[in-house]
Amino acid sequence: MTVVGATEDQAPAPVTMLGESGARASRWDNVVVTALAFVLAGACGALLMMFSDDVVRHDITNDPGAFVGDAWRVVSGGYTAMFEGGIYDFHNDGTVAGIFGPISGSIFRAAPLILAGLGVTLAFRAGLFNIGGEGQIIVGATFAGYVGFGVSLPPVIHLAAAIIAGIIGGALWGFIAGILKAKAGAHEVISTIMLNYIAIYGLQYLLKKTWFAAAGSDQASKVVDGSARLPHIAGSSLPLDFAVILGIASAIGVWWLFSRSTIGFRLRAVGANPAAARTAGMNVANSTMLAMALAGALAGLAGVVIVLGGATSYQVTQGISSNIGFDALTVSLLGRLSPWGTVYAGLLFGILKQGGTEMQATVAIPVDIVTVIQALIVIFIAAPQLTRSIFRLPSHGMTAFNTATTNLAVAVTTETVPRIPRHLLVGGTQIAAGLFGLWAFALGPRSEYTATFQLSLPGSAVDLGGVAIQTRPVNIVLCLLVVAAGVLRITGKLAAKWCATIAVVGLLCAMIIWSVAGSPNGLNVVSLLQGSLFPLAIPLILGAIAGVIGERAGVVNVAIEGQLLFGAFVAAVVGTIAASAWAGLIGGMVAGLLIGAILAGLAIRYLVDQVIVGVVLNVFVLGLTTFLYSKVLQPGNNSTLYNQPAHFHIYKVPVLSDIPLIGPVFFSGTVMLYLTYVVVVLAQFGLFYTRWGLRVRSVGEHPRAADTVGINVNRTRYRSVWLAGCVAGAGGAFLVIGSGAANTFQINMSAGQGFIALAAVIFGKWTPRGAVLACLLFGFANQLQVLLQQAGSPIPSDLLLMAPYVVVLFAVAGFIGRVRPPAADGQPYVAR
C-alpha cells in the first residue's frame with residue numbers, strides 16, 4: 001500500500017510544555033481570539049448593513065452630518081432584530097411562545113445543520129472529504145417521506161420506520177461513494193459531487209410520478225401521515241420537536257464512536273495514516289466504506305428531520321436540502337471537527353439564520369448578510385494569526401483553531417486479494433451490461449425504426465447530408481461487442497483499459513441510436529460535438545486549469561466555485577459600465593485574482609487549512625454576490641445601468657470553420673474559445689517544459705528539497721495561486737460575456753461548475769491535458785442529454801439530466817481509478 005500526501009514538510013503545530021497556569025492562559029487566549037473573531041465578523045456585517053440602507057448611502061455624499069446617527073440606527077436595529085429573532089425578544093407578549101419562540105426556532109433550524117455537520121465531521125476524522133451532504137440529505141428525505149405517506153403502520157412504529165428508512169437512504173448514498181473509493185479508487189470528491197446531482201434530478205423524476213407527487217403538482221410529494229411526524233417536545237406553540245433529541249443522541253454517538261470504541265479508533269487511525277493503519281492489520285477499504293456509510297446516514301437523518309419535522313410542510317420538495325449539505329461543511333469546520341464543537345457551531349448558525357429571517361422581515365436588511373457573517377466568523381476563527389495581527393496581540397502559536405491539515409490528495413492502494421478477482425468481477429459486469437443493452441436497445445419494438453444522424457449544420461458551406469442507421473442490426477453488433485469485451489477481460493486476452501473503452505463506447509452508441517430511432521429530425525452530430533466544447537466546457541476548462549496550476553504548486557483550490565461566481569459578477573458590472581466585453585473580461589480576471597489572493601494569504605501566510613479556506617470563500621462569495629445583486633443588479637434596482645454587459649460575438653475562422661465535421665466544432669466561437677486554446681497550451685507546455693513549471697511542480701512535490709536548492713517555496717505558491725485566480729475569473733466572465741449572446745448576471749449562476757472543475761482536476765490526474773478531456777466528457781454528456789430531449793428520446797427528461805453525472809461517475813470508476821496527486825498537495829510549508 002502507498003500513501004500519497006503525507007510529507008515531512010507539513011507544517012506542524014508548535015509543541016510547548018505548559019504547566020497548569022500555562023494551560024489556563026492558553027484557554028483564555030483561545031476565548032479572547034474567538035471573541036475578537038466575532039467582533040470582526042460583526043463589524044464587516046455592519047458595513048454591509050449600512051450599504052444596504054438607502055438613507056445611509058445618501059448621507060455619505062449629501063448629508064455627512066447625519067451619517068453617524070443613521071448608520072447607528074441601521075446597525076443597532078439590524079443586530080437587535082437578529083438577537084430578538086434568534087434568541088430572546090425583549091418585547092414579547094409574555095406567553096410561552098413569545099418568550100421561548102425565538103430560541104426554539106433557532107434550535108429547530110439548527111437540528112439538520114448539526115446532523116449533516118456530524119456527517120462531515122465523521123468523514124473528515126476518517127480522512128475523507130464528504131462533499132455529498134446535499135445528495136445524502138435528499139435521498140434520506142425521499143426514503144423517509146415515502147415511508148411516511150406511502151406505508152400504513154401504527155403511530156410509533158410508523159415514525160420509527162420512516163426514520164430508519166431515511167437513515168438507510170443516506171447511508172446507501174454515502175456507501176456508494178465509499179465503495180467506489182475503496183474498490184475502484186474513485187476520489188470521493190468526484191463521486192460525491194456527481195451523486196449530489198444524481199439525487200437532485202432523481203427527486204425531480206419522482207416528483208412527476210403520481211404515486212409520489214401531490215395531486216396536480218410536480219414541486220412537492222404527498223403529505224406525510226400524522227403518525228410518521230416528529231412529535232413536538234415543548235407543546236404545539238413552539239417548533240421544537242424530536243429532532244433535538246436525535247441531534248443530541250447523534251452527537252453522543254459520534255463522540256463515543258471516536259473516543260471509546262474500537263471501530264472509531266480504526267477510523268481515526270485510517271484517517272491519520274492509512275499506511276500505518278494497514279501495517280497494523282486494519283482493513284483500510286472496509287474502514288473507508290464504513291466511514292462514508294455512517295457519514296451518509298447522519299446526513300440522511302438530517303433529511304429525515306426536515307421532511308418529518310414540518311420544515312417543508314411535511315412534504316418532500318424540490319430544493320429540500322436548501323444548501324444545508326454545503327452549510328454543514330462550514331459548521332463542521334467551525335466546530336473544529338469535533339462532535340460537540342459541531343453541535344455548538346450548528347446552534348450558532350441556527351441562531352444566525354433564524355435571526356436573519358427576522359431581521360429581513362422587521363428592518364428590511366437582506367438575510368444574505370447572515371451568510372457573509374457566517375463565512376467571516378469561520379475565517380477569523382480559523383486564522384488566529386490574522387485576528388492577532390489586526391488587533392496587534394502578541395503571538396502565542398496556534399490558538400483557537402488547531403488545524404489538522406486536511407489533505408484531499410490521500411490515495412490508498414490495497415494489496416489484499418479480493419474475494420472475487422477484479423478481472424472476473426469487471427468482466428462479468430461488462431457481460432451483464434452487454435446482455436442488458438441487447439435486451440433494451442436491440443430487441444425492443446423501438447429498434448425496428450431507423451435512426452438518422454446529420455453530419456453538417458444547416459447552411460454549412462459543405463453539406464455532408466445525413467446517415468440513416470438500421471437500429472436493430474447495428475445495436476445487436478454493438479452489444480455483442482460489449483459482451484465480447486467482457487469475455488476478453490475475463491480471459492486476459494485484451495488490456496483492461498481497452499475492454500472498458502469498448503464496453504462504454506458500445507453501450508453509449510447503442511443507447512444514442514435507440515433514443516434517436518424514429519425521430520424525424522434525428523440527431524446532429526456536429527451540433528453534439530460543437531456544444532460539448534462551446535459553450536458548455538469553456539468555464540469548466542478554465543476552472544480546471546486554475547485548479548491544476550494551484551494544486552501543482554501544493555495549494556488545494558476548493559474556491560474555484562467562488563472565483564467563477566465572483567468573476568461573473570464583476571464582469572457583468574464592469575462590462576456594463578465600460579460598455580466593453582474586453583473590460584468585463586479583465587474585470588472578471590481581477591475578481592478571480594482577488595479571491596485567489598485571499599486564498600493564498602490565508603493558506604500560505606496564516607497556515608489556515610486550505611479546504612476550510614476554499615469552502616468558506618465559496619460561502620462568502622455566494623452571500624456577497626446575492627446581497628449585491630439584490631441591492632444593485634436586481635430588476636428594479638438600476639439593473640439596466642449595471643447588469644447589461646457587452647458581450648463577445650461569434651467569430652468563424654475563415655476556411656477552417658468550413659472544414660466538414662471539425663470546422664464548426666473548433667473554429668466557430670467567441671474570442672474566449674480561442675483564448676481557452678491558448679491557456680490550455682500554455683499551461684501544458686509551461687508546467688512540463690519550462691523552468692517555471694519545474695519550479696511549480698517541485699514545490700508541490702517536495703517543497704523542502706525545492707527550498708534547499710534555492711527556490712522560494714511560498715513565493716512560488718503565491719504567484720501560482722494568483723495566476724490560477726485570474727484563469728478561474730476568466731471562466732466566470734465567460735458565463736456573462738463569452739457565450740456569444742447577451743446575458744446578465746444571476747444569483748448563483750456558476751451553479752456548481754466550480755465543484756465539477758475541481759472534480760475534473762482529479763479526474764485528469766492533475767494535468768492540463770487530462771483535466772481538459774474530463775471537462776469535454778462532461779460537456780459531451782450534457783449536450784447529449786439536451787439533444788436527445790429535442791429528438792424525442794423515450795428516456796424521461798430528468799433521467800437524461802442525470803446522464804452527464806452518471807457518465808462521469810462510471811468513467812472515474814472504470815477508467816481513472818486510483819490517482820497520484822502532487823505529494824505536498826494541501827500541505828502548508830514553513831521555512832526552517
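Annotations for the structure displayed:
- Test for Leu533: is it under 28 Å from the mean Cα position of the chain (by Cα), open to solvent by 30 Å² or more (accessible area, probe 1.4 Å) and in contact (Cβ under 8 Å) with a residue 12 or more places away in the chain: no
- Checking each residue in the stretch 456-474 for being surrounded by 14 or more Cβ atoms within 10 Å (Cβ to Cβ) and closer than 15 Å to Ile513 by Cβ picks out Gly466, Ile469, Gln470, Thr471, Arg472, Val474.
- Residues satisfying the stated conditions in the stretch 305-327, i.e. touching a residue at least 60 places away in the same chain (Cβ under 8 Å), of a type in the set (Gly, Ala, Ser) and closer than 16 Å to Ala199 by Cα: Ser321, Gly325
- Applying the set (1) of a type outside the set (S, T, N, Q); (2) under 23 Å from Ser152 (Cβ atoms); (3) at pLDDT below 95 to Ala228 leaves exactly one unmet item: (3).
Let's see how each residue does on (1) of a type outside the set (Phe, Trp, Tyr); (2) touching a Gly at 6+ places or on another chain (Cβ under 8 Å); (3) surrounded by 20 or more Cβ atoms within 10 Å (Cβ to Cβ); (4) modelled with pLDDT under 90:
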| residue | (1), (2), (3), (4) |
| --- | --- |
| Ser720 | yes, yes, yes, no |
| Val727 | yes, yes, yes, no |
| Ala733 | yes, yes, yes, no |
| Val736 | yes, yes, yes, no |
| Leu784 | yes, no, yes, no |
| Pro821 | yes, yes, yes, yes |
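- Checked against the criterion of being within 14 Å of Leu308 (Cβ to Cβ), among the hydrophobic types (A, V, I, L, M, F, W, C) and in a helix (DSSP H, G or I), the candidates Ile179, Ile138, Ile167 yield just one match: Ile167.
- Residue within the stretch 790-805 that is surrounded by 24 or more Cβ atoms within 10 Å (Cβ to Cβ) and farther than 22 Å from Ile200 by Cα present: no
- Test: residue in the stretch 742-752 that is within 24 Å of the chain's Cα centre (by Cα), among the polar types (S, T, N, Q) and surrounded by 24 or more Cβ atoms within 10 Å (Cβ to Cβ): yes
- The condition (being within 26 Å of Ser797 (Cβ to Cβ) and modelled with pLDDT under 95) is satisfied by just one residue among Lys208, Lys222: Lys208.
- Residues that are open to solvent by 70 Å² or more (accessible area, probe 1.4 Å), closer than 21 Å to Arg109 by Cα and in a helix (DSSP H, G or I), drawn from the stretch 53-95: Phe83
- Consider the stretch 177-228 and keep the residues that are basic (Lys, Arg) and within 29 Å of Ala123 (Cα to Cα). The one that is surrounded by the most Cβ atoms within 10 Å (Cβ to Cβ) is Lys181.
- Among the residues of the stretch 564-592, the one identified as part of a helix (DSSP H, G or I) and among the polar types (S, T, N, Q) is Thr576.
- All positions within the stretch 284-300 that are open to solvent by 10 Å² or more (accessible area, probe 1.4 Å) and under 21 Å from the mean Cα position of the chain (by Cα): Thr288, Met289, Ala293, Leu294, Ala297, Leu298
- Of all residues in the stretch 632-663, those that are of a type outside the set (Gly, Ala, Ser), open to solvent by 30 Å² or more (accessible area, probe 1.4 Å) and at pLDDT below 85 total 7.
- Hits in the stretch 760-803 - residues which are outside any helix (DSSP H, G or I) and closer than 21 Å to Arg697 by Cα: Gly764, Lys765, Trp766, Thr767
The values are calculated or read from the model by the stated rules, or taken from the named source; none is laboratory data. Note that the structure is a prediction, hence the values are computed from the model and not measured. FYI the Cβ positions are ideal-geometry reconstructions off the backbone, even for glycines, and counts take in every protein chain you see. Side chains included, ligands, DNA and RNA excluded: accessible areas come from the protein's heavy atoms. Shrake-Rupley method; radii C 1.70, N 1.55, O 1.52, S 1.80 Å.
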